[in-house]
Amino acid sequence: MVFTNQESSSTKSASRDLRLPGIGASPGVAVGRALRLDESGRHQFYYVAISGGQVRREVRRLREAFAEARAQLQEIKDKLAHQLGSEHSYILDAHLMILEDDRFQTEIKQAVRRRKINAEWAVRSVTDRIIAAYKQVQDAYLRERSTDIEDIASRLLTILSGHTEFNLSELTENVIIIAEDIWPSTVAELNFNRVLGFATNSGGQTSHSAIIARALNIPAVVGIHNITQNVRTGDAVIIDGTLGEVIVKPTKPVIRDYLIKRETFVEERRPNKQATLPAETLDGVRITLRANVELPNEIESLSLFGAQGIGLYRSEFMFLNRLPDLPDEEEQVELYTRLSDATGEQGASIRVFDLGGDKLSLQGFEAEQNPALGLRGIRLSMRATAVFQTQLKAILRANRRGNLRVVLPLISTITELRLAKQFIANVKRELADSHIEHNPNLPIGVMIEVPAAAMMADIFAREANFLCIGTNDLIQYLLAVDRANENVAYLYQPLHPALLRTIAHLVRVAETVQVPLELCGEMAADPVQAIALIGLGIRALSLVPASIPLIKNAIRSIEEEQVRELMSKAMQLVSASEVEELLARELPLQAPRFFAALSAKG
Amino acid sequence: MQERRVTIANRLGLHARAAARLVQCAGQFNCQVVIERADNQQSADGKSILSVLLLAAARGSTLIIKTAGADEERAAEAIVELIDNRFGEEVSDGLY
């Protein structure tokens, strides 16, 4: 990708604090100058009529451009596999296959021969025609292939135009990337040390760009309708990935505010000497802080942030964006072995692929009337048994150290747990019968996300090896609220007494039956909510690795006995707002060092 | 020239992976391979991934495989077998 028309600094217009709302894809604040990537106009090319004698030369240029493009893509693919894991490099496979399509090459060469035009024009006109044909297709998955073809066309045109592609790995200044979308191949080429953040027109929470931004810890906002129309290269821009907002041409006071906000954000999360200190309250109660992990390259940051193993490996990210192609058993064995090697004694809990609902909408699956209540989680696993079986085999084989655990998502009834356990037992028997090396000792955990499972927790506690509360879904189902629906999002209330009472119930059950209880979900990464959970008796939290230092600081500033009393009061209140008020009033008094400072910063 | 009719049985139809296998298979033969959708007569070059994908042939669609050339018979057999075997996808039931 290259710069669009570079704006000279003299044409810079006045500051105006234009605020553009979007979806916060990766938290944090970035303040800097924009680098606008432009897809459609990123190459200039001309129509040139050629003579019969020049045909041969143009055809040779085409052949060389195809060979060069293939070499570049192969290199990018290797790099992407190295940075993000092989499950993300598949994107380039489609590109390579198209490049190797004989008919595609032949048509372009024929355009040169028959119409006597230059190679650039032939590439443009043939690919435009193919892209137009793909855009007509009903199937969303196939329609998406048109972006692959455009990516290839751009690459060929860049090579043909003689100068090397504007190289993002050679960025010399820190920039904020503004683009329609971040293309997979661009991501592989970016020098992330120079990228402060990015904002895109397209994309959602689970888009590839969003996942990558989170994994690399770069603030990002996606799904902003008109960001590319409003930003030019060189404009000052603020990205607020926490709020999901971009401020274009901010005024000085706003920049000042955000520089402070950025400092605070970075400071609170700075992995420091505290990484090795225990997460222990002032009165000596130890809390286990584990990491939620989505991408393999996050594994390396675990010790940096002081994570005690992985509390939730979201295995569906390996599947996501990849359908209909699925990672095979060997690839999964390799990845799970990495999880096992990286987490030592603390180990890793692998959640069985939890596809479904929104995540599947574009993958060519039949849409459901009500996906949140439909075929997802364990329900889907027990239907797509071959996929489930492959994943289980891979986990059992990778578990040589015996530190892996498996967690079953969206369990509603005890029958589901029993069937799943039976299924796992069968997979073990199959491996044993085929004399395949594996470790049959695999603890099985149940995600408590469905209110029915929470109420029946005592039954699950007797038949599962551990319980894991998933607050994101539990809140959604308990309050019957879709947080992505802006009309009802206000009902998404993590501190609602109904949820607090549910969690207190689960803590009691776990103590009575003596079964380990963990909690994962965004609540665990919010200091006030995390402390509330500890006051309810939760002793193990799993959260995004980058937030562990912040939560550890909060824990080290409180007395468990005091917050326990506070929470028993909170459970007698009637609404989430009353609980919020209570905590906002009391926590700064109890732990001024942390919470008074936190509320002063706003 | 050989002509065979075959119905797509795998759930996702001629998506990327299946189309790639079909193109690879067709590419092993010297003869010309044309894939046609029986319902709308849309046809594709069996050796071109871009062309085959564009058929957007879903599960249940009937395809007509036309081969012409010295090894036309072997090519037709191989392609029909591949489609009948659901492109060798290991998953036989469920959602995938």
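Tilt of helix B:72-84 relative to the longest C-alpha principal axis of chain B, in degrees (0 to 90, nearest 10)? Between helix and principal axis, roughly 0 degrees.
How large is Rg/Rh for the stretch B:2-88, to two decimals, with Cα atoms and a Kirkwood Rh? Write out the running numbers ahead of the final one.
Numbers: Rg = 11.1 Å, Rh = 12.2 Å.
Here Rg/Rh amounts to 0.91.
In whole percent, how big is the carbon plus sulfur part of the accessible area of the stretch A:272-601, probe 1.4 Å, protein atoms only? That share works out to 50 percent. Give the separation of the Cα centroids, the stretch A:469-508 to the stretch B:48-65, in Å. Using only Cα atoms, the two centres lie 46 Å from each other.
Using r as the Cβ-Cβ distance of A:Gln422 and A:Arg462, and R0 as 25 Å, what FRET efficiency do you calculate, to the nearest 0.05? Efficiency, from the Cβ-Cβ distance: 0.90. Interface size, chains B and A: roughly 2300 Å² of accessible area buried, both sides included, 1.4 Å probe, rounded to the nearest 100. Taking every residue in B:70-80 and counting other chain Cβ atoms within 10 Å of its Cβ, the average works out to 0.
Interface residues of the stretch A:109-145, defined as those losing at least 40 Å² of solvent-accessible heavy-atom surface relative to the isolated chain (probe radius 1.4 Å), are listed as A:Tyr134, A:Tyr141, A:Leu142. The mean number of partner chain beta-carbon atoms within 10 angstrom of a residue's beta-carbon across peptide B:44-51 is 6.
Close amide H contacts of A:Ile558 (hydrogens built in the peptide plane, cut-off under 5 Å, sequence separation of 5 or more or a different chain): A:Leu282. Contact order, relative form, for the stretch A:420-570: 18 percent (alpha carbon pairs under 8 Å, 6 or more residues apart, mean separation divided by residue count). Across the stretch A:362-472, the relative contact order, built from alpha-carbon pairs under 8 Å that are at least six residues apart, equals 27 percent. Using a simple spin-label model with pseudo-atoms 7 Å out from Cα toward Cβ, A:His435 and A:Asn217 lie 4.8 nm apart. Computed with the Debye formula from one identical point scatterer per Cα of the stretch A:454-516, without solvent, the log10 of I(q)/I(0) at q = 0.20, 0.23 Å⁻¹ comes to -0.76, -0.89. Put simply, when A:17-28, A:290-301, A:55-66 are sorted by average Cβ atoms within 10 angstrom per residue, most first, you get A:290-301, A:17-28, A:55-66.
The H on the amide N of A:Ser26, modeled in the peptide plane, is under 5 Å from the matching H of A:Ala220, each at least 5 residues off or on a different chain. Once the Cα atoms of helix B:16-27 and of chain B are each reduced to a long axis, what angle between those two axes, in degrees from 0 to 90 to the nearest 10, is obtained? Tilt relative to chain B: about 20 degrees. Solvent-accessible surface of the stretch A:52-160, taken per residue with a 1.4 Å probe and all protein chains present: 45 Å². Please give the FRET efficiency for A:Ser125 paired with B:Ile64, using the beta carbon to beta carbon distance and R0 = 35 Å, rounded to the nearest 0.05. Approximately 0.70, to the nearest 0.05.
Remark: chain B carries 44 Å² of accessible area per residue (probe radius 1.4 Å; ligands, DNA and RNA excluded). Between A:Leu373 and A:Arg338, the contour length at 0.36 nm per residue exceeds the alpha carbon distance by 9.2 nm. Whole-Hz Karplus values for the stretch A:374-391 come out as x, 7, 8, x, 5, 4, 6, 4, 6, 9, 8, 5, 5, 5, 4, 4, 4, 5 Hz, taken residue by residue from phi with 6.51 cos²θ - 1.76 cosθ + 1.60 and θ = phi - 60°; glycine and proline positions read x. If you plug the beta carbon distance of A:Asp78 and B:Asn30 into 1/(1 + (r/R0)^6) with R0 = 30 Å, you get a FRET efficiency near 0.35. Inter-chain Cβ neighbour count for B:7-20, averaged per residue, equals 4 (cutoff 10 Å, partner chain atoms only).
Stokes-Einstein diffusion for the stretch A:446-602, with the hydrodynamic radius set to the Kirkwood value over Cα pairs and evaluated at 25 °C in a medium of 0.890 mPa s, equals 154 µm²/s. The calculated Kirkwood hydrodynamic radius for the stretch A:52-160 is 14.6 Å, given to one decimal from all distinct C-alpha pairs. A crude spin-label estimate for the pair A:Asn297 and A:Ala71, with each label 7 Å from Cα along the Cβ direction, gives 2.5 nm. With both residues required to sit in the stretch A:272-601, DSSP beta bridges show an antiparallel share near 5%. Distant-in-sequence amide contacts of A:Thr233, defined by a placed amide H-H separation under 5 Å and a gap of 5 or more residues or a different chain, comprise A:Glu7, A:Arg36. The apolar share of the surface of the stretch A:52-160, taken as the fraction of accessible area on carbon and sulfur atoms (1.4 Å probe, ligands and nucleic acids excluded), comes to 45 percent. Could you tell me what percent of the accessible area of the stretch B:2-88 is made up of carbon and sulfur, with a 1.4 Å probe and every protein chain present? Using a 1.4 Å probe with all protein chains present, the stretch B:2-88 comes out at 40 percent carbon and sulfur.
The values are calculated or read from the model by the stated rules, or taken from the named source; none is laboratory data. On a predicted model such as this, the values are computed, not experimentally measured, just so you know. Backbone-built Cβ (ideal geometry, glycine too); neighbour counts: all protein chains shown. The area values use the complete protein model at the heavy-atom level, side chains included, leaving out ligands, DNA and RNA. Shrake-Rupley method; radii C 1.70, N 1.55, O 1.52, S 1.80 Å.
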